[in-house]
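Every number in this text was worked out from the coordinates using simple rules, so none of it is lab data. Here the structure is a predicted model, which is why all the values come from computation and not from measurement. Positions of Cβ are generated from backbone atoms using ideal geometry, with glycine treated the same way; all protein chains shown enter the neighbour counts.
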Amino acid sequence: MLSNEKIDEIAERYVKMISENINVELIIPKDIIIDKPYGRIYFYGAKDYKKHRLAGICIF
């Protein structure tokens, strides 16, 4: 089983890959990560949220 720190690293790499593909800087707010029995839920959005109305979710 992976540690939460390792799962966080995977989520960061995944969001970075999306960010590079769409050419918009994305961030994962650390204060709204949700732990569930089946994994961790991450929310991400554009760093410049006033310019880019973009949000997403990923589960690891």
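How high is the relative contact order of the chain? Use alpha-carbon pairs under 8 Å, at least six apart in sequence, and give a whole percent.
Once normalised by length, the contact order is 27 percent.
Under 12 Å between alpha carbons, and skipping anything fewer than 8 positions from residue 47 in its own chain: which aspartates and glutamates qualify?
Excluding near neighbours in sequence, the set is 25.
Hey, got a sec? Which trypsin sites (Lys or Arg not before Pro) in the chain land in a DSSP loop and have at most 15 other Cβ atoms within 10 Å?
When the trypsin sites (Lys or Arg not before Pro) of the chain are filtered for loop state and at most 15 Cβ neighbours within 10 Å, 47, 50, 51, 53 remain.
List, in order, the whole-Hz ³J(HN,Hα) value for each residue of the stretch 55-60 obtained from phi through the Karplus relation with A = 6.51, B = -1.76, C = 1.60 and θ = phi - 60°; use x for Gly and Pro.
Coupling constants for the stretch 55-60: 8, x, 9, 9, 10, 10 Hz.
If you take the square roots of the eigenvalues of the alpha-carbon gyration tensor of the chain and sort them as a ≥ b ≥ c, do you get rounded (a/c under 1.5), prolate (a/b over b/c) or oblate?
Prolate shape, in that a/c is at least 1.5 and a/b is the bigger ratio.
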